[in-house]
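Trainee: Before I ask anything, let me first share the structure, which is written out below as structure tokens.
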Amino acid sequence: MGCRSPLIVAMLASSIGALFMYSNAGPALFWNAVIMTIVGITISGPYNLIVGTISIDLGSQPALQNNAQAMSTVSGLLDGTGSVGSAVGQLGIPVLQNVFGWQSVFYLFMFLNLLAIVCIMRRCLADLRLMFEKSNELTPLLIEESDE
């Protein structure tokens, strides 16, 4: 199992910048399309990585191996939770936009991405520590040990 959390944190952090740029992009169609693409990549990437790999990681657990029904239940719960969150969010966004304007909607998205980073940060730091320790254990391939 690789260390995915640093990539997820980096993409979520870059999505905050992309959301800020998009909220101030103005009416230019080209720049809206470019920045919207960047926002989509930086937000959908972590979502797909989290949902897909959690299902695989849970499937490798001894308690769930060879149990297709348990695996599908876990996958459905993970994906369903995200879908319910999206559906509930669609009820609140129009209210927020009507009261405070579109800028507040983008600030909400930026805050939620920051909250996701905070939630993942402990795992990210542990993964970075593990990656750093592994890189220090590796010896260069071109240096030969002498038998003196």
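The values are calculated or read from the model by the stated rules, or taken from the named source; none is laboratory data. Nothing here was measured: the structure is a model prediction, and the numbers come from that model. All Cβ positions, even for glycine, are placed from backbone atoms using ideal geometry, and neighbour counts span all protein chains on display.
Trainee: Is it the case, given these coordinates, that VAL51 is modelled with pLDDT of 90 or more and part of a helix (DSSP H, G or I)?
Mentor: no
Trainee: Here's a follow-up. Restricting attention to the range 1-27, which residues are in contact (Cβ under 8 Å) with a residue 60 or more places away in the chain, farther than 12 Å from THR42 by Cβ and among the polar types (S, T, N, Q)?
Mentor: Hits for the range 1-27 are SER5, SER23.
Trainee: If you don't mind, there's one more thing I want to ask. Restricting attention to the range 67-84, and to residues there that are closer than 11 Å to VAL51 by Cα and among the aliphatic types (A, V, I, L, M), which single residue is surrounded by the fewest Cβ atoms within 10 Å (Cβ to Cβ)?
Mentor: Checking each candidate, the answer is LEU77.
Trainee: Is it the case that some residue within the range 74-90 is among the aliphatic types (A, V, I, L, M), in a helix (DSSP H, G or I) and in contact with a Gly (Cβ under 9 Å, 6 or more places away or on another chain)?
Mentor: Yes, some residue in the range 74-90 is among the aliphatic types (A, V, I, L, M), in a helix (DSSP H, G or I) and in contact with a Gly (Cβ under 9 Å, 6 or more places away or on another chain).
Trainee: Within the range 95-115, is even one residue of a type outside the set (Val, Ile, Thr), touching a residue at least 24 places away in the same chain (Cβ under 8 Å), within 16 Å of PRO6 (Cα to Cα) and part of a helix (DSSP H, G or I)?
Mentor: Yes, there is a match, as at least one residue in the range 95-115 is of a type outside the set (Val, Ile, Thr), touching a residue at least 24 places away in the same chain (Cβ under 8 Å), within 16 Å of PRO6 (Cα to Cα) and part of a helix (DSSP H, G or I).
Trainee: Also: If you take the residues of the range 50-66 that are out of contact with any Leu (no Cβ under 7 Å at 6 or more places or on another chain) and surrounded by 15 or more Cβ atoms within 10 Å (Cβ to Cβ), which of them is farthest from LEU78 (Cα to Cα)?
Mentor: Here the answer is GLY59.
Trainee: If only one of MET36, MET21, MET11 is modelled with pLDDT of 90 or more, farther than 30 Å from LEU128 by Cβ and part of a helix (DSSP H, G or I), which one is it?
Mentor: MET36
Trainee: Let me ask something else. Can you name the condition, by its number, that ALA87 falls short on among (1) loosely packed, with under 14 Cβ neighbours inside 10 Å; (2) more than 22 Å from the chain's Cα centre (by Cα)?
Mentor: Evaluating ALA87 over (1) loosely packed, with under 14 Cβ neighbours inside 10 Å; (2) more than 22 Å from the chain's Cα centre (by Cα) leaves (2) as the failure.
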